[in-house]
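Sharing a structure here in structure tokens format.
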Amino acid sequence: MHTEQSEGSSLIDKELEVYVGRQYPYYKRKWELEEKRIARWSWNGWAAIFNVGWLGYRKYYLPAALFVVLLLACDAFSYYMGFNVALPIINMVPLTFLLLVFILFGMAIFANGLYYQFAERRIYRIKAREIQDESVEKYLIRDRGGTSKMGATIVTILAVASIFFSHFFFPTDRDIIQKVRTSSLYEYPFFSIGESFENYFRNPGWAYYRGTEGLELVEFQGDSPDMSKKKVTIQFIVDYKLGEVEPYSLMINGESKNEEEFLKIMDEIFKVQNPFDIEDGLQVKEVDSRALYPLLFLYIRK
């Protein structure tokens, strides 16, 4: 097989030089190195680092598109199967991360060989047309090969856009928890749930649970700041795509509480932050909280 590739490359060596462009000496060394190895591999750090960007730069748009589609498919599969618990820091589900590592490593050691096969195939397709004018044939080879900064830019932009697309349609647990943290309650639109809860409670923590019919459940747990050290658990129902967050249940020391108890504890959390409660000499008419707050809270019995 090594001999066949060597003979084939010698037949189109000039065409390969035209196709690759100024980086031909680099790739020629890599291809010659691969011929000496049984596994036929050589290292390409640029392909490993830039992956889809490198494919776009070398005008291989279909493999770049397949790369992005595979990652999206992994995100979708993980989400619908309930495996959307993301890895810390990178906020990526394990299946997608493993596929990404596999692809990056594969690109690093096999990109040069794949590039040779793609180049050879395109050159032979042009030569199969039996173009009589050598300058025209050379032009077509150069046009199909070479590099494209525009291609690399477009492919990279699409890859980044696919990441946002994935996190919107196939959110991870961290995405959904963050949605709750950055949202506000109806009565307190100027304060985020996350910052307010975390400032008020001791030992705050968040957890995610998969719901039914496309709904997600986010649970907050914290210790009350008073001396009684009550364990408070507040759950929220989240419709991530619609951006809706609704209080669902309140438990104190494992005991379910009703809507009145929920409103009371919300007043305690937000009263020190509410700008309308400061004493500035103005007479502010009190509004009944029950009239403003929608009936979002469901009474849960154990």
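Readers should treat all values here as calculations from the given coordinates under stated rules, not as data from a laboratory. Keep in mind that what you see is a predicted model, and the values were worked out from it rather than measured. Counting neighbours? That spans all protein chains shown, and the Cβs are built from the backbone with ideal geometry, glycine included.
Quick one: if the Förster radius is 35 Å, what FRET efficiency do LEU62 and VAL85 give, using the C-beta to C-beta distance and rounding to 0.05?
Values: r = 32 Å, r/R0 = 0.93.
With R0 = 35 Å, the Cβ-Cβ based efficiency is 0.60.
Calculate, in nm to one decimal, what LEU104 and ASP226 gain on full extension: separation in residues at 0.36 nm each, minus their alpha carbon distance. Spell out each step's value before the answer.
Values: separation 122, 0.36 × 122 = 43.92 nm, distance 5.21 nm.
Residue separation times 0.36 nm, minus the Cα-Cα distance, leaves 38.7 nm.
With a cap of 10 neighbouring Cβ atoms within 10 Å, and only residues DSSP puts in a loop, list the GluC sites (Glu not before Pro) found in segment 136-226.
Numbers: sites: GLU137, GLU187, GLU195, GLU198, GLU213, GLU216, GLU219; in loops: GLU187, GLU213.
Sparse-neighbourhood loop GluC sites (Glu not before Pro): GLU213.
Let me ask something additional. Whole-Hz Karplus ³J(HN,Hα) for segment 253-259, in order, using 6.51 cos²θ - 1.76 cosθ + 1.60 and θ = phi - 60°, x for Gly and Pro?
Values per residue, Gly and Pro as x: 6, x, 9, 5, 10, 8, 5 Hz.
Estimate the FRET efficiency between THR182 and ILE131 by the formula 1/(1 + (r/R0)^6), using the beta-carbon distance for r and 51 Å for R0, to the nearest 0.05.
Working: r = 61 Å, r/R0 = 1.19.
After rounding to 0.05, the efficiency reads 0.25.
Then there is this: If you stretched the chain out fully between TYR139 and ILE154, how much longer would it get, using 0.36 nm times the residue separation minus the C-alpha to C-alpha distance? All intermediate terms of the calculation are to be shown ahead of the outcome.
On the way: separation 15, 0.36 × 15 = 5.40 nm, distance 2.42 nm.
Separation in residues times 0.36 nm, less the Cα-Cα distance, equals 3.0 nm.
From the phi angles alone, apply the Karplus equation (6.51, -1.76, 1.60; θ = phi - 60°) to segment 163-170 and give each ³J(HN,Hα) in whole Hz, x where the residue is Gly or Pro.
5, 5, 4, 5, 6, 7, 8, 10
Here's another thing I want to ask about it. Would you work out the charge dipole size for segment 2-170 about its Cα centre, treating the Cβ of every Lys and Arg as +1 and the Cβ of every Asp and Glu as -1, and quote it to the nearest 20 debye?
Working: 19 positive and 15 negative charges, 50 e Å.
For segment 2-170, the charge dipole is close to 240 debye.
Which order, highest average first, do 188-194, 152-158, 124-130 follow once you tally other Cβ atoms within 10 Å for each residue and take the mean per peptide? Let's see the in-between values first.
Values: 188-194: 15.6, 152-158: 17.1, 124-130: 12.0.
Ranking the peptides 188-194, 152-158, 124-130 by packing returns 152-158, 188-194, 124-130.
Full-extension gain between PHE190 and PHE165, please, as 0.36 nm times their residue separation minus the C-alpha to C-alpha distance.
Details: separation 25, 0.36 × 25 = 9.00 nm, distance 2.82 nm.
Length difference between fully extended and current span is 6.2 nm.
Can I ask one more? Output ³J(HN,Hα) for segment 141-148: one whole-Hz value per residue in order, computed from phi by the Karplus curve 6.51 cos²θ - 1.76 cosθ + 1.60 with θ = phi - 60°, and x for Gly and Pro.
So the Karplus estimates, Gly and Pro as x, are 5, 5, 5, 6, x, x, 10, 9 Hz.
Something else now. Counting other C-beta atoms within 10 Å, and keeping those with at most 16, which DSSP coil chymotrypsin sites (Phe, Trp or Tyr not before Pro) do you find in segment 159-189? Mind dumping the intermediate values first?
Working: sites: PHE164, PHE165, PHE168, PHE169, TYR186; in loops: TYR186.
Of the chymotrypsin sites (Phe, Trp or Tyr not before Pro), the ones in loops of segment 159-189 whose Cβ has at most 16 other Cβ atoms within 10 Å are TYR186.
What FRET efficiency, computed as 1/(1 + (r/R0)^6) with R0 = 35 Å and r the Cβ-Cβ distance, is obtained for LYS14 and ALA73, rounded to the nearest 0.05?
Values: r = 41 Å, r/R0 = 1.17.
Working from the Cβ atoms, E equals 0.30.
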